[in-house]
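Please read the structure below before turning to the comments.
Just so it is clear, none of the values below were taken in a lab; they were calculated from the coordinates. Values in this document were obtained by computation on a predicted structure and should not be read as measured data. As a convention, Cβ positions derive from the backbone with ideal geometry for all residues, glycine included, and neighbour counts pool all protein chains shown.
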Amino acid sequence: MSPESLFALANPLALLGWLALALSPLAPRLADLVAGLVLPLLLSVAYGALILAFWTSAPGGFGSLAEVQALFTDPGIALAGWLHYLAFDLFIGAWETRRARAEAIPHLLLLPCLALTFLFGPIGLLAFTALRATRRATTQTGVAP
Amino acid sequence: MTFAALSEPLPRPGPLFAEPRLAAFGLLLTLSLVLTLAAAALDPRQFQGDSVWLKPIKFQVALAIYVLSLAVFARWLPAGMQESRGYRLYIAVVIFTILAELAWIGGAALFGTASHYNVSSPLMERLYGLMGVFAVTLTSASLVFGIAIWRNAATGLSPALQTSIALGLVGTFLLTLPIAGTLASLPGHFVGTPATGAALPVLGWSREVGDLRAPHFLATHTMHALPLAGLAAHALLPAGGARTATWAAAAAWTAFVLLTFAVSLAGLPLIPLP
């Protein structure tokens, strides 16, 4: 399988996970299983296989920004990097969804955090953390993480 | 499970795997196949005409079967043996050597190069030698298990079954050692030069020239072949006859393996092209 066809397969898979999280009030356990475990693990297997297949022939390294940029000129490694985003962002999204449920955060408030995590991972994490902090500060009924 | 069904007439019911460390390790090896199988699907690199990941996959499968088989046979080890400090250290060493072999073979695949027969640099040559020592160490587990089961007076097994299991395990070590040693001392696993590369599916043995991987495979599966023969003898014959039949089967199997060894050394394929 070529990196291109794997890329074309991985994106809809990740989208499916985000859709499951967005609709999670309908089937919380299923959404958690799919988005919090099955899809991240599936993407992780593909990531691991790409590293095994392309790591030793890729240029660059981790030592400088220029080396990291060179590393991502290799299509196999660039795809691995992309799958890393998809897998970990989705895993974080599923964690946010579980936390929100446990802390009785309204789903409508979670949704923008999920959207931000989907698009710009760390910004979504910041938004969700800010949401939890403000709710805790104002209601004082928060649950420890 | 077919094994559970076959062992139904045996006393001492218990879990299928009686050695938790080897069972866990064997399952981990099985799980690790997911990664190498996926790598084989994605990696365009080839080594000697096959995916670079074919060899690591074969070794993962073979060593998982080996380790899980030992975990099953462990139920007939003498009581208390598994609790001893020396035994636990030994099992840890065996697990370490298997991990090292797989890291070496997988590492070579990662770099698209050879593991066995690789003497391209002083480091690789030394590693190859060290891995030979490790291979003997990991195979010695079958010898240790075989002797311990042979000497165990309280297995609860019929004499034919106990004999077949013990002989099978000891046989795996005694037959694998000279065959694998010869295999490693030659420049490659072929005896002769294949013209077309015709090979058996899955196993990959040449159908044109001698291939020493074939007798190695059969020798190493002695620990499965003889217990199956013992099980058949136990089920079909009276006790005295069953024990004699087990010994006869062990002798016949040994002769068969040595014959395949000789045939391969003579440069002939075990299963020639039609």
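Once you average over the residues of B:46-53, how many Cβ atoms of partner chains fall within 10 Å of each Cβ?
Other-chain Cβ atoms within 10 Å of each residue's Cβ, averaged: 1.
Could you tell me which chymotrypsin sites (Phe, Trp or Tyr not before Pro) in the range A:33-82 are loop residues by DSSP with no more than 13 other beta carbons within 10 angstrom of their beta carbon?
Details: sites: A:Tyr47, A:Phe54, A:Trp55, A:Phe62, A:Phe72, A:Trp82; in loops: A:Phe62, A:Phe72.
The qualifying sites are A:Phe62.
With an 8 Å cut-off on Cα pairs and a minimum separation of 6 or more residues, tell me the relative contact order of chain B in percent.
Working: 361 pairs, mean separation 43.5, N = 274.
In percent, rounded to a whole number, it is 16.
So, R0 is 35 Å and r is the distance between the beta-carbons of B:Asp50 and B:Leu236; what FRET efficiency does that work out to, to 0.05? Write out the running numbers ahead of the final one.
Numbers: r = 42 Å, r/R0 = 1.19.
In this case the efficiency is close to 0.25.
Would you kindly derive the ³J(HN,Hα) couplings of the range B:19-35 from the backbone phi angles with the Karplus curve 6.51 cos²θ - 1.76 cosθ + 1.60 (θ = phi - 60°), listing them in order in whole Hz, with x for Gly and Pro?
Values, residue by residue: 10, x, 5, 5, 5, 5, 5, x, 5, 4, 4, 5, 5, 5, 4, 3, 6 Hz.
Taking the Cβ of each residue in B:Leu226, A:Leu131 as the centre, tally the other Cβ atoms inside 10 Å and list the residues starting with the fewest.
A:Leu131, B:Leu226
Let me confirm one metric for peptide A:41-49, namely the mean number of other chain beta-carbon atoms within 10 Å of its residues' beta-carbons.
4
Per-residue ellipticity at 222 nm for chain A, helices alone: DSSP H runs ≥ 4 residues times -39500 (n - 2.57), over residue total, nearest 500 deg cm²/dmol?
About -26000 deg cm²/dmol.
Amide H of B:Ala199 versus every other amide H placed in the peptide plane: which residues, excluding those fewer than 5 positions away on the same chain, fall under 5 Å?
Excluding prolines and chain starts, which carry no amide H, the hits are B:Arg207.
Build a GNM of chain B with springs between Cα atoms under 10 Å: which of B:Thr176, B:Thr163, B:Thr193 gets the top mean-square fluctuation?
For chain B, modelled as a Gaussian network with Cα springs under 10 Å, the answer is B:Thr193.
Could you go through the range B:44-59 in sequence order and give the Karplus-derived ³J(HN,Hα) for each residue, using 6.51 cos²θ - 1.76 cosθ + 1.60 with θ = phi - 60°, rounded to whole Hz, and x for Gly and Pro?
Per residue, the Karplus-derived 3J(HN,Hα) values read x, 5, 10, 10, 6, x, 10, 4, 4, 8, 4, 5, x, 5, 4, 5 Hz.
Pairs of alpha-carbon atoms within less than 8 angstrom and 6+ residues apart define the contacts here; what relative contact order does the range B:157-274 have, in percent?
Contact order relative to length: 39 percent.
Other chains near A:50-58: what is the mean number of their Cβ atoms within 10 Å of each residue's Cβ?
Mean partner shielding for this stretch: 6.
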